[in-house]
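What follows is one structure encoded as structure tokens, with my remarks underneath.
The values are calculated or read from the model by the stated rules, or taken from the named source; none is laboratory data. Here the structure is a predicted model, which means the values were calculated and not measured. Virtual Cβ from ideal backbone geometry, glycine too; neighbours counted across all protein chains shown. Surface areas here come from the heavy atoms of the whole protein model, side chains and all, with no ligands, DNA or RNA. Shrake-Rupley method; radii C 1.70, N 1.55, O 1.52, S 1.80 Å.
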Amino acid sequence: MTRLVWAEVTRLLSRRFTGIALIVLLIGLGGFQLVVKDALSPLTDAQLAAAQRAYERTHKDWVDNHEKDEQECRDTGGTAEECTFPEPTLAEFSVQPTPFKETAQTALELSTALVAVVAFMIAASFIGAEYSSGSIASWLTFIPRRGHVFWSKLLTVAGFAALLGACGATLVFGAVLTLAHLYGSRLESIRELAGMGARSVLPVVVLAVVGFCLGLLTRHTAAAIGVLLASVVVWFVRSGPLSSFAWAQRITPWTPEGNIAAIIDLGYTYSVPVEKVTPDGVNIDFVQHTVSLTHGAVYWSILLTLVVLGSLLIFRRRDVI
């Protein structure tokens, strides 16, 4: 079994697709640090001067006209609250640097999504290419015990994904820490963010395993990627055009992305729109619900068990030619 795993590791690392995907991933993670740099960097002297000038113009206009504007608003039937125009402040015109904690959380979340997608594509291509080229038939002739072949490939994919996820989280978190130190941002919640980075490895492994199983079941890399794209489209429609429908949000605890987010963030909060009839008409309130970390872990444990065992049964019995 050890020799099989080592042979699969060698083949995975020697594939051209793996190398190209890792280069693209590294470029993507590096390019995102430019966004992090802009978020953490303070305003330049020129930007501060521009903000001061804009504030002075707006404040002068408010001093000269706010009483007249408020009176005109009341004359047209507006309430006292609606017709009160607060005095502008300089802070409204000066964009402050994003706090370190918020920046680091966003960086880890986005990098996790990117690394997980890359791991999915590498895993799907790893097995899909064997079916497309026919090499899986030769491999099974050489090693006729299909169970050993399946587990060696799956362990290779899972281990590679875990290493990739850990390296990605470490690089991103380290880059954010370095940039925050350079720009004088206040470092806080380091342990909490480090824990988030550690948990972000799990979604990478999960998507790699799912990608491998889909590639095995569909026998083609493109088909597995198509399933992933279809899932993204469903998520986009549910969180976009269907966001105002209560039924579309109530299914969040049973969606893959909701439970992955619960694992990364130690719980995932979502809102369900609820219509309420009032004397003034129908109002829509948003009731918040939470998907717990335990729920997410149990959900993905059961789902992965079913997917892996189903793939193993099909691999053991299906003709590979």
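Under Stokes-Einstein, with the Kirkwood radius over Cα pairs as Rh, the value for the stretch 115-274 at 25 °C and 0.890 mPa s is 136 µm²/s. Remark on the stretch 171-250: ratio of C-alpha radius of gyration to 2.2 N^0.38 Å is 1.61.
D for the stretch 203-300, whole µm²/s, Stokes-Einstein with Kirkwood Rh over alpha-carbon pairs at 37 °C and 0.692 mPa s: what number?
216
For the stretch 213-268, the equivalent ellipsoid built from the Cα gyration tensor has semi-axes of 25, 16, 8 Å, listed from largest to smallest. Summary of packing: across the peptides 268-275, 160-167, the per-residue average of other C-beta atoms within 10 Å ranks them, highest first, as 160-167, 268-275. D265 contributes an accessible area of around 60 Å² to the protein surface, as traced by a 1.4 Å probe with all chains present. Placing R0 at 35 angstrom, the Cβ-Cβ distance between E70 and I284 gives a FRET efficiency of 0.70 after rounding to 0.05. Modelled spin-label separation between A162 and E87, with each label point placed 7 Å from Cα along the Cα-to-Cβ direction: 6.1 nm.
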